[in-house]
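Structure first, commentary second.
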Amino acid sequence: MDIPYKKILLTLVIGIFSVIFYFGLTLDFNINKSASKNTFDIEEIKLFYDDSSKFTLLKNAKMFKEKNWILFFSPNCSYCKDQIKLISGLQDRLIKSNISLILVSTLDQKTTGTYLEEYDISKSSDLYYTTEAILNESIQDFSYPYTVILDKDHNLIINHKGVFGFNEVKKLL
């Protein structure tokens, strides 16, 4: 079975150009372009105290404990519900382990309050509000729930996208 070399060469050239074209469109080799947005820039996240315009920046929030668990969530997120249920069951252990809990909701105060009452979670946490737009600007590839654990000097200990499972939480306790 003789296959002309021209057909083989044409197939190889088309294949090589297809690969180059594919990777040329999907890979960004411009290093400086991504330098302007880190994968994690928590310092400038605005935390609102309530539905008013009063806020603080997360970098100015007081962190007194050795580990400070910050959970960015939305009450209408099903994965967040799983995370909140887990936290609800561990509140006493978090307190005993000297871990503070800071909840940051992207929905309004009334909706969030009703949601958290269902899980009796407010006794061990501080509650703030922010917007999804602010989180998308500060955290590349943001999705709910999003866990950040900082030490009292705001140094990053853990940065976790998705449900922070029981096995991960056990390592903190």
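The values are calculated or read from the model by the stated rules, or taken from the named source; none is laboratory data. Predicted model, so just to flag it, every value in this text is computed and none were measured. Neighbour counts run over all protein chains shown; Cβ positions are idealised from the backbone, glycine included.
Taking Phe17 as the residue in question, decide whether it is modelled with pLDDT under 80 and either farther than 25 Å from Ser138 by Cβ or outside the structural domain of Tyr146 (by TED's automatic domain parsing) (or both).
When the stated conditions are applied, Phe17 passes them.
Just one of Ile139, Ile157, Ile102 is surrounded by 13 or more Cβ atoms within 10 Å (Cβ to Cβ) and either in contact with a His (Cβ under 7 Å, 6 or more places away or on another chain) or more than 14 Å from Leu58 (Cβ to Cβ) (or both); which is it?
Ile157
I'd like the full set of residues that are buried (at least 16 other Cβ atoms within 10 Å of the Cβ) and free of Cβ contacts under 8 Å to residues at least 60 places away in the same chain, limited to region 62-78.
Pro75 - this is the single residue of region 62-78 that is buried (at least 16 other Cβ atoms within 10 Å of the Cβ) and free of Cβ contacts under 8 Å to residues at least 60 places away in the same chain.
Considering only region 115-136, state which residues are under 18 Å from Ser52 (Cα atoms) and surrounded by fewer than 18 Cβ atoms within 10 Å (Cβ to Cβ).
If the condition is that a residue be under 18 Å from Ser52 (Cα atoms) and surrounded by fewer than 18 Cβ atoms within 10 Å (Cβ to Cβ), then Asp126, Thr131, Glu132, Ala133 are the ones that fit.
Let me spell it out: the conditions are (1) assigned to a helix (DSSP H, G or I); (2) free of Cβ contacts under 8 Å to residues at least 24 places away in the same chain; (3) under 25 Å from Lys170 (Cβ atoms), and Leu94 meets all of them except one. Which number is the exception?
The one condition Leu94 does not meet is (2).
Please work out which one of (1) in a helix (DSSP H, G or I); (2) more than 19 Å from Leu156 (Cβ to Cβ); (3) at pLDDT below 90 is the condition Ile87 fails and give its number.
Among (1) in a helix (DSSP H, G or I); (2) more than 19 Å from Leu156 (Cβ to Cβ); (3) at pLDDT below 90, Ile87 violates only (3).
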